[in-house]
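Novice: Following this message is one structure expressed as structure tokens.
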Amino acid sequence: MVTKGIDRCLFAFPPEEWAAFKANIKANANLSARGRQLSRMFFSMAFEATLDRQGRVLIPTKLARYAGLQRDVTITGVDDRLEIWATEEWDRYVTDADESFTEIVEEFAGRDLRG
């Protein structure tokens, strides 16, 4: 399944991971307005991706437009999913993340890792 992702990318899940992701959203997106909005954003945009004979997937226009996909794309593996990015947007994201990488690691590790 492919759906709208976070940070202007698309998420692509294998079937078993999609089921787990969907269950997690449903369990945590109770009847609140924000929960309904979250569910709608992920589920209304989702589609079952099938490969053509050359191993390509046709991304629906609404998702391609959201992610800014045009010619060059970057696909990254992130834990239980793939992320599909416009290459220019991915490069910008990585550059920004690299600048604060040490601080991010320290925040999540809870200790100074600079040595």
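Novice: May I ask you to work out the translational diffusion coefficient for the chain at 25 °C, viscosity 0.890 mPa s, via Stokes-Einstein with Rh from the Kirkwood sum over Cα pairs, reported in whole µm²/s?
Specialist: Stokes-Einstein gives a translational diffusion coefficient of 153 µm²/s.
Novice: Same structure again: Is it possible to state the helix-based mean residue ellipticity at 222 nm for the chain, with each DSSP H run of 4+ residues giving -39500 (n - 2.57), the sum divided by total residues, to the nearest 500 deg cm²/dmol? What is it?
Specialist: After summing the helix terms and dividing by the residues of the chain, the value is -14000 deg cm²/dmol.
Novice: Please name which of Ala97, Met45, Gly55 has its Cα lying farthest along the dipole of the chain towards the positive end, using unit charges on Cβ (Lys, Arg +1; Asp, Glu -1) and the Cα centre as origin.
Specialist: Among Ala97, Met45, Gly55, the one farthest towards the positive end of the dipole of the chain is Met45.
Novice: Rule-of-thumb check for the stretch 54-115: C-alpha Rg over 2.2 N^0.38 Å?
Specialist: Rg over 2.2 N^0.38 Å, computed on Cα atoms: 1.49.
Novice: Considering only the other residues whose Cβ falls under 13 Å of the Cβ of Thr87, what net charge follows from Lys and Arg at +1 and Asp and Glu at -1?
Specialist: -2
Novice: Once you mark the trypsin sites (Lys or Arg not before Pro) that are in a DSSP loop and have at most 12 other Cβ atoms within 10 Å, what is the longest gap between them in the chain?
Specialist: 1-52
Novice: Just report the Cα centroid separation between the stretch 15-57 and the stretch 75-108, whole Å.
Specialist: Using only Cα atoms to place each centre, the spacing works out to 21 Å.
Novice: Mind putting a number on the dipole of the chain about its Cα centre? Charges go on the C-beta only, +1 for Lys and Arg and -1 for Asp and Glu, and I need it in Debye to the nearest 20.
Specialist: My answer is approximately 860 debye.
Values quoted throughout were computed directly from the atomic coordinates according to the rules given, and no laboratory measurement underlies them. All of these numbers come straight from a predicted model, not from anything done at the bench. Glycine gets a Cβ as well: all are built from the backbone with ideal geometry, and neighbour counts include every protein chain shown.
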